[in-house]
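First the structure, in the form of structure tokens, and then the observations on it.
The values are calculated or read from the model by the stated rules, or taken from the named source; none is laboratory data. What you see is a predicted model, and the numbers here were worked out from it, not measured in a lab. Cβ placement follows ideal geometry from the backbone for every residue including glycine, while neighbour counts extend to all protein chains displayed.
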Amino acid sequence: MGVAQHFSIVVLDIEASGSLSGPEKTAVRNDLYEIVTTALDLSAVAAESVTVEDRGDGIFLLFDATVSKRQLLDPFLATIDEALRARRVGAPALRLRMVVHHGEAVRDDHGSSGAALDLAFAMVDSEELRSALRDARGGRMAVVVPDELYHGVVRGYPSPDPGAFRMRRLGTKRGPLRTWVTVTGASEQPGSPRREPAVRPVDSTAVPVMRVDNRQMNKIKGDVGVVGGTNSGTINIGGRPHARGDH
């Protein structure tokens, strides 16, 4: 039996892979492996420091303690996103959901297991993350990190932009989980505040206007209007209504 060790965990899942035809799925999976291999090389991650396992509709990676979590966010994440952005026209659609997590896991002859892995899979499969990518215009990849990683290795760093993340509570079998989510390439981030229409400011310099339906002499003194003749109505001087009747 294997011994539990601490790993950084990355899960990459292909959006709507079940709707792809056999040839399309093969092409997309090949592209994903090529993208990840290139990202590992450009991030200077040694082959012996990472284990890659297949999920059918994606892959997951276990990184040992020699790999900084910052490397997984920049340049690893950034390189994957750039490859998605540069995909050729006509290639099968490839959008990803990505989890960056960490925790204890056991590796043995049958693969990897552990509570941290279970939670990472629950995060990538959550409806909240699926909908964040599905609803994002121009989105390429929905990225989710748990609360402690956001505050430890995202906030305060230039890349990825911490201001592009939104706090989201994901529904999991363990109950609500506080996480931070961003969708790369999206015109608006999931959970962005609703934009209210601009309120036109009141022009405080406007000259008071007095209009009445008679032809007799009318006088304005300060903000009070005096109307000659016999009239009934409301006169608005300087934004304050003044009722005048039976003059």
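Here segment 134-145 is the region considered, the condition is being within 10 Å of the chain's Cα centre (by Cα) and assigned to a loop (DSSP other than H, G, I, E, B), and the residue that is surrounded by the fewest Cβ atoms within 10 Å (Cβ to Cβ) is A136. With the condition kept exactly as written, say whether any residue in segment 207-219 is in a strand (DSSP E or B), farther than 18 Å from H102 by Cβ, modelled with pLDDT under 95 and not acidic (D, E). Yes - at least one qualifying residue is present in segment 207-219. What are the residues in segment 1-30 that are over 28 Å from D108 (Cα atoms) and of a type outside the set (S, T, N, Q), if any? Passing the criteria: E15, A16, G18, L20, G22, P23, E24, K25, A27, V28. None of L42, L61 is in contact (Cβ under 8 Å) with a residue 12 or more places away in the chain, touching a Pro at 6+ places or on another chain (Cβ under 7 Å) and closer than 28 Å to E24 by Cα except L42. Against the test of being part of a loop (DSSP other than H, G, I, E, B) and hydroxyl-bearing (S, T, Y), the options S131, S187 yield a single qualifying residue, S187. Quick one: which residue in S17, S49 is surrounded by fewer than 18 Cβ atoms within 10 Å (Cβ to Cβ) and over 28 Å from the mean Cα position of the chain (by Cα)? Only one candidate qualifies: S49. Of T51, T37, all but one fail to be in contact with a Lys or Arg (Cβ under 7 Å, 6 or more places away or on another chain) and of a type in the set (S, T, Y); the exception is T51.
Can you tell me which residues in segment 151-172 are assigned to a strand (DSSP E or B) and farther than 18 Å from L119 by Cβ? Before you say what the answer is, go through the steps one by one.
Narrowing segment 151-172 to residues assigned to a strand (DSSP E or B): 166-172.
Of everything in segment 151-172, just one residue is assigned to a strand (DSSP E or B) and farther than 18 Å from L119 by Cβ, namely R166.
Quick check, is E148 out of contact with any Cys (no Cβ under 7 Å at 6 or more places or on another chain), more than 20 Å from Q71 (Cα to Cα), part of a helix (DSSP H, G or I) and among the acidic types (D, E)? Answer is no for this residue.
When we screen G103, G171, G175, G114 for residues that are of a type in the set (G, A, S), buried (at least 19 other Cβ atoms within 10 Å of the Cβ) and over 14 Å from P190 (Cβ atoms), the only hit is G114.
Could you check, for segment 21-31, whether at least one of its residues is in the same structural domain as H151 (by TED's automatic domain parsing), of a type outside the set (S, T, Y), in contact with a Phe, Trp or Tyr (Cβ under 8 Å, 6 or more places away or on another chain) and surrounded by 15 or more Cβ atoms within 10 Å (Cβ to Cβ)? Scanning segment 21-31, I find no residue that is in the same structural domain as H151 (by TED's automatic domain parsing), of a type outside the set (S, T, Y), in contact with a Phe, Trp or Tyr (Cβ under 8 Å, 6 or more places away or on another chain) and surrounded by 15 or more Cβ atoms within 10 Å (Cβ to Cβ), so the answer is no.
Give the residues of segment 131-147 that are under 17 Å from F60 (Cα atoms) and either at pLDDT below 95 or hydrophobic (A, V, I, L, M, F, W, C) (or both), sorted by residue number. First the steps, then the outcome.
If we filter segment 131-147 for residues that are under 17 Å from F60 (Cα atoms), which is where we start, we get 141-146.
If the condition is that a residue be under 17 Å from F60 (Cα atoms) and either at pLDDT below 95 or hydrophobic (A, V, I, L, M, F, W, C) (or both), then M141, A142, V143, V144, V145 are the ones that fit.
Here's a check for you: in segment 57-73, which residue that is of a type in the set (A, V, I, L, M, F, W, C) and within 19 Å of L96 (Cβ to Cβ) is surrounded by the fewest Cβ atoms within 10 Å (Cβ to Cβ)? Explain how you work it out, then say what you get.
Applying the first criterion (of a type in the set (A, V, I, L, M, F, W, C)) to segment 57-73 yields 59-63, 65, 67, 72-73.
Then drop every residue that is not within 19 Å of L96 (Cβ to Cβ), which leaves 59-63, 72-73.
Values: I59: 18, F60: 21, L61: 20, L62: 22, F63: 22, L72: 24, L73: 20.
Of everything passing the filter in segment 57-73, I59 is surrounded by the fewest Cβ atoms within 10 Å (Cβ to Cβ).
Residue-by-condition table, conditions (1) touching a helix residue (DSSP H, G or I) at 6+ places or on another chain (Cβ under 7 Å); (2) under 28 Å from G22 (Cβ atoms); (3) not β-branched (V, I, T):
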site	(1), (2), (3)
D57	yes, yes, yes
L61	no, yes, yes
D81	no, yes, yes
L84	no, yes, yes
R88	no, yes, yes
R107	no, no, yes
L133	no, yes, yes
